Amino acid sequence: MAETPPDHLSSNPSSPFYDEAALERGVGIRFKGVEKTNVEEYSVSEGWIRVAAGTAKDRAGNPMTILLRGPVEPYFRDAPADTAK
């Protein structure tokens with residue numbers, strides 16, 4: 001796995017941008033210089049994040065989200081797992 005997180009990542013398993021390996025490693029997001037912990041999806045190249053809007057749910061039971069635009073800086077929280085032992 002690369003040392004930089006993917007350009008576009010989603011935590012929803014039904015999304016085409018879902019990457020289980022990256023999510024297991026732990027991806028942190030800085031948005032406009034502030035650490036965000038409630039990010040559902042992000043895109044670095046397009047400059048946006050999608051965050052949950054409180055506790056509201058849509059009719060399918062998924063959290064309602066809002067799109068925020070600005071500079072996105074993803075990073076890995078954990079070091080890569082050493083597989084060669």
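None of the figures in this text is laboratory data; all of them are computed from the coordinates on show. This one's a predicted model, so the numbers in the text were calculated from it and none came from an experiment. Ideal geometry is used to build each Cβ from the backbone, glycine not excepted, and the neighbour counts take in all protein chains shown.
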Quiz item: Relative contact order, percent, of the chain when contacts are C-alpha pairs under 8 Å separated by at least 6 residues?
Solution: 32
Practice problem: Report the chymotrypsin sites (Phe, Trp or Tyr not before Pro) located in the stretch 11-85 that are in a DSSP loop and have at most 16 other Cβ atoms inside 10 Å of their Cβ, or state none. | Solution: F17
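Within the chain, which is the longest segment containing none of the GluC sites (Glu not before Pro) that sit in a DSSP loop and have at most 14 other Cβ atoms within 10 Å?
My reading of the result: 4-45 is the longest stretch.
Quick check for me: using +1 on Lys/Arg Cβ and -1 on Asp/Glu Cβ, what's the dipole size of the chain about its Cα centre, in debye to the nearest 20? It would help to have the intermediate numbers written out before the result.
On the way: 10 positive and 13 negative charges, 73 e Å.
That gives a dipole near 340 debye.
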Quiz prompt | Distance between modelled label sites at I66 and S11, nm, 7 Å Cα→Cβ extension | solution = 1.7
Quiz item: Near L23, within a Cβ-to-Cβ distance under 13 Å, what is the net charge of the other residues, with Lys and Arg +1 and Asp and Glu -1?
Solution: -4
Quiz item: Build a GNM of the chain with springs between Cα atoms under 10 Å: which of V44, V34, V72 gets the top mean-square fluctuation?
Solution: V34
Practice problem: Convert each backbone phi in the stretch 44-55 into a coupling constant with the Karplus relation 6.51 cos²θ - 1.76 cosθ + 1.60 (shift: θ = phi - 60°), then list the ³J(HN,Hα) values in order as whole Hz, x for Gly and Pro. | Solution: 6, 5, 8, x, 8, 10, 10, 10, 5, 9, x, 9
Quiz item: Taking the chain as a Gaussian network, Cα atoms linked when under 10 Å apart, which of I66, I49, I29 shows the biggest mean-square fluctuation?
Solution: I66
